[in-house]
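Below is one structure, written out as structure tokens, with a few remarks after it.
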Amino acid sequence: MEKIKEVLEILEEHYGDMGCALNFKSPFELLVATMLSAQTTDVTVNKATAVLFEKYNTPEDFAALKPEELEPYIKTCGFYKTKAQNIINASRKILTDFNGKVPKRLEDLTSLPGVGRKTANVVLSNAFGVDAIAVDTHVFRVSNRIGLAHADNVEDTEMQLMENIPKEYWSRAHHWLIWHGRKVCTARRPKCEICPVNRLCNYYEELNKSKKTSEE
């Protein structure tokens, strides 16, 4: 636990003020933006929603749409046909089951079409201030490389991070891991030499061992 505490302190020092990179003005806008963010970048989503939310920004707006009306706005976000249908269906369910309000419970959020635990946790944390860890590709990669988790899938990673990280750090640590994954611990060619947590990182330790073995 001492290692985890030290890692968190270092990450906080470097990314303490950095939060959600998605632009939103309401819990519903964040829900839509997060649904769009699957398999694409936040920058791409923000460009799309800047135009989209000018015209449609409530569950009522989206529930009244046909997929072919929504698709042109989100085409750049990838898998746009599936995303359009899910967003429309989720909007309709919010109206019928939750009185037009984005629900504040994980089990209710994940009952919405196209909403998994990651999306639900992003909304809970950033829209409602609930302590939560959303495991996206960055969080999964970085936490398992460093050794904050040791898991083969995102759900086990989430459970291990919740166990290993104090609850009051969950939401902030989620952002720190994401930003570290974007800036330093990238999927390809991670910048290990300049990484502020490299001396505590399992991945870096194994990398050095491999180098030494190959040099002998």
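In the set Val197, Val184, only one residue is hydrophobic (A, V, I, L, M, F, W, C), closer than 15 Å to Val142 by Cβ and in contact with a Pro (Cβ under 9 Å, 6 or more places away or on another chain); that residue is Val184.
A count restricted to region 122-148 and to residues that are buried (at least 24 other Cβ atoms within 10 Å of the Cβ) and among the small types (Gly, Ala, Ser) stands at 2. In region 2-20 there is no residue matching the filter, namely being exposed (fewer than 15 other Cβ atoms within 10 Å of the Cβ), among the aliphatic types (A, V, I, L, M), more than 13 Å from the chain's Cα centre (by Cα) and in a helix (DSSP H, G or I).
Conditions tested, residue by residue: (1) aliphatic (A, V, I, L, M); (2) free of Cβ contacts under 8 Å to residues at least 24 places away in the same chain; (3) outside any helix (DSSP H, G or I); (4) within 27 Å of Thr119 (Cβ to Cβ).
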{"residue": "Thr157", "(1), (2), (3), (4)": "no, yes, no, yes"}
{"residue": "Leu161", "(1), (2), (3), (4)": "yes, no, no, yes"}
{"residue": "Arg172", "(1), (2), (3), (4)": "no, no, no, yes"}
{"residue": "Trp179", "(1), (2), (3), (4)": "no, no, no, yes"}
{"residue": "Thr186", "(1), (2), (3), (4)": "no, yes, yes, yes"}
{"residue": "Pro190", "(1), (2), (3), (4)": "no, no, yes, yes"}
{"residue": "Arg199", "(1), (2), (3), (4)": "no, yes, no, no"}
{"residue": "Glu205", "(1), (2), (3), (4)": "no, yes, no, no"}
{"residue": "Asn208", "(1), (2), (3), (4)": "no, yes, no, no"}
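Checking the condition surrounded by fewer than 15 Cβ atoms within 10 Å (Cβ to Cβ) and among the basic types (Lys, Arg), which residue from Lys104, Lys75, Lys118, Lys83 passes? None of the other options fit; the residue is Lys75. If you go through region 42-77, how many residues are touching a helix residue (DSSP H, G or I) at 6+ places or on another chain (Cβ under 9 Å) and under 21 Å from Arg182 (Cα atoms)? Here the count works out to 8. Somewhere in region 102-116, is a residue within 14 Å of the chain's Cα centre (by Cα) and within 26 Å of Glu9 (Cα to Cα)? Among the residues of region 102-116, not one is within 14 Å of the chain's Cα centre (by Cα) and within 26 Å of Glu9 (Cα to Cα), which makes the answer no.
Of the residues making up region 50-69, those that are closer than 22 Å to Thr110 by Cα and in a helix (DSSP H, G or I) are Pro59, Glu60, Asp61, Phe62, Ala63, Pro67. When Lys75, Lys83, Lys93, Lys118 are checked against the criterion of being part of a helix (DSSP H, G or I), modelled with pLDDT of 95 or more and over 28 Å from Trp170 (Cβ atoms), a single residue qualifies: Lys75.
Each row is one residue, and each column tells you yes or no for (1) surrounded by 13 or more Cβ atoms within 10 Å (Cβ to Cβ); (2) of a type in the set (Gly, Ala, Ser); (3) out of contact with any Gly (no Cβ under 9 Å at 6 or more places or on another chain).
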| site | (1), (2), (3) |
| --- | --- |
| His150 | no, no, yes |
| Asn153 | no, no, yes |
| Glu163 | no, no, yes |
| Glu168 | no, no, yes |
| Arg172 | yes, no, no |
| Thr186 | yes, no, yes |
| Arg199 | no, no, yes |
| Tyr204 | yes, no, yes |
| Thr213 | no, no, yes |
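The values are calculated or read from the model by the stated rules, or taken from the named source; none is laboratory data. Everything quoted here is computed from the prediction, not taken from an experiment. Cβ coordinates were reconstructed from backbone atoms using ideal geometry, including for glycine residues, and neighbour counts include every protein chain displayed.
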